[in-house]
Amino acid sequence: MAARRISSLLTRSLSVSSSSVSTLFSSLGKNSGRNGIGKRFSTAAALEDLIVPPVQIAYTQNLIDGKFVDAASGKTFPTYDPRTGDVIANVAEGDAEDIDRAVAAARKAFDEGPWPKMTPYERSRIMLRFADLVEKHSEELAALETWNNGKPHEQAAKSELPMFIRLFHYYAGWADKIHGLTVPADGPHHVQILHEPIGVAGQIIPWNFPLLMFAWKVGPALACGNTIVLKTAEQTPLTALYVAKLFHEAGLPPGVLNVVSGYGPTAGAALASHMDVDKIVLELAAKSNLKPVTLELGGKSPFIICEDADVDKAVELAHFALFFNQGQCCCAGSRTFVHERVYDEFIEKAKARALKRVVGDPFRKGVEQGPQIDTEQFEKVLRYIRAGIESNATLECGGDRLGTKGYFVQPTVFSNVMDDMLIAKDEIFGPVQSILKFKDIDEVIRRANNTRYGLAAGVFTKSVETANTLTRALRAGTVWVNCFDVFDAAIPFGGYKMSGIGREKGIYSLHNYLQVKAVVTPLKNPAWL
């Protein structure tokens, strides 16, 4: 799975917390649970009249050197509304020639332009002005994010836009605090360590959190004084183009931030292998100029419910950990390990919670789950559900699509899942909860770590001793204790093993965009060394 991400030049990422909603709408769809009798889902119904998004499509061209321009080929590609599969707009389809133009603009802006020579304080002020403009236009951006991505509008408006603004405030604060060191030498030499911008950064953002991933990558790169060529995910290009326009309104010089929309094998590959890009993605980077790499890839995160857990609270948190953002989270708690003493109670309550999940038009208030991103992801999720059934896991609820239009999937829960089943090993990236039974701490540590991934993990327990044991034993970049999907601008995020290279957010993300230079000069007759 990780290799597939690299080859397609798409990386995925995570989320911010949002409260669960228990409002019930009219029911739609049946499923077989343990009792084999038709259970019904709470749903806003994928077949109902959909709300018209309260936003106009303003920007569909590529943004190169401060100007919106058509693709060099003149081609466009459609971007879709996942609620219906209908076309929202046709977007300029960038390819190698457009990437060449964008890289040339970024290179000129870095080598000759004002951005890296600007005082860090002035860079900070531009970033703060940008954050203010985003806040001013947050209603339009939240609507556009929901329309293009399918995530609940309440999630986009109340969680993700505030976090986006917070991230740029955070990185604006770092811009004038990046400095080196003076270090002692063993002889009469003055040694200073400089931290310098790395140059032109190529960035490829995923479709599951388009705005947040824009902030994760663009924020630290600009704070450090770099210039950028950013490729959007072809599924969700619209919000990146909108906020890039706002950045220029805030005073960003032309060529500092260039945005090209297009496909991975064309635009993405051209960006990754470009000889004038100083930082990018792994595989093709090695085939060009050995540019350094940061990757946040996939996950199959364990969520461990210990025997002392408050089952009701554990069910709700495990539900959120898996189903948030339609399950389209790299760090989703997609392997729910439950101690055998509370396993049966947990299963019944997890099934009941999934059956109450509100699925429907993400623009409607109270909807918890919208559609999957596109037909490819929708069909992939359904294939994994079939694989779970065929491997004799117990389908507690869900297991099919909702409605006949759009990419809505029933919230699905499997029990009696074994470690060697595909649904326990592969990253499904959808609303499918796999529940596994365990007996003791040593066993669950071994099983939780028995994966090629290591992005995140969750632990639910009342015992400090148990929590300390598990947090140190689990091989994952983030371990949440009695919480999940808590993301702060200062908290680093990234994974062990095949879940990535490097860290995003926090001070560690700055390291991705800085070169370290040692400057040594002789000292004659120094008063001290």
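Since every read-out is calculated from the coordinates, none of them should be taken as a lab result. Every value quoted in this text rests on a predicted model; they were computed, and no experiment measured them. FYI the Cβ positions are ideal-geometry reconstructions off the backbone, even for glycines, and counts take in every protein chain you see.
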Could you tell me the distance between the Cα centroids of the range 117-191 and the range 378-455, to the nearest Å?
-> 36 Å
Roughly what angle does helix 96-111 make with the longest principal axis of the chain, taking Cα atoms, 0 to 90 degrees, to the nearest 10?
-> 50 degrees
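Quickly estimate the mean residue ellipticity at 222 nm for the chain, helices only: each DSSP H run with n ≥ 4 gives -39500 (n - 2.57), and the total goes over all residues, rounded to 500.
Rounded to the nearest 500, it is -10000 deg cm²/dmol.
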Inverse of mean 1/r across different Cα pairs in the range 146-237, Kirkwood, Å | 15.6 Å
Which values, in whole Å and largest first, are the semi-axes of the equivalent ellipsoid of the range 96-186 obtained as the square root of 5 times each eigenvalue of the Cα gyration tensor?
-> 32, 21, 13
Across the range 426-486, how large is the tail of the calculated P(r) beyond 18 Å, expressed as a percent of all Cα pairs?
-> 38 percent
Pairs 108/505; 151/300; 380/497; 313/425; 75/136: which exceed 31 Å Cα-Cα?
-> 75/136
Ratio for the range 318-474, C-alpha Rg to 2.2 N^0.38 Å, reads 1.04
Spherically averaged projected area in nm², based on the convex hull that wraps the Cα atoms of the chain = 26.0 nm²
Return the Cα extents of the range 431-529 along principal axes one, two and three, sorted largest first, each rounded to a whole Å.
-> 71, 31, 25
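Please sort 399-412, 321-334, 82-95, 142-155 by packing, taking for each peptide the average over its residues of neighbouring beta carbons within 10 angstrom, highest first. All intermediate terms of the calculation are to be shown ahead of the outcome.
Values: 399-412: 22.6, 321-334: 27.9, 82-95: 19.9, 142-155: 26.4.
Per-residue mean Cβ counts within 10 Å order the peptides as 321-334, 142-155, 399-412, 82-95.
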Quick one: P(r) of the range 65-125 from all Cα-Cα pairs, 5 Å bins, percents rounded to integers, in order of increasing distance.
-> 4, 15, 15, 15, 13, 12, 12, 9, 5, 1
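Please give the net charge around residue 463, taking every other residue with its beta carbon less than 11 angstrom from that of residue 463, where Lys and Arg add +1 and Asp and Glu add -1.
Summing Lys/Arg as +1 and Asp/Glu as -1 gives -2.
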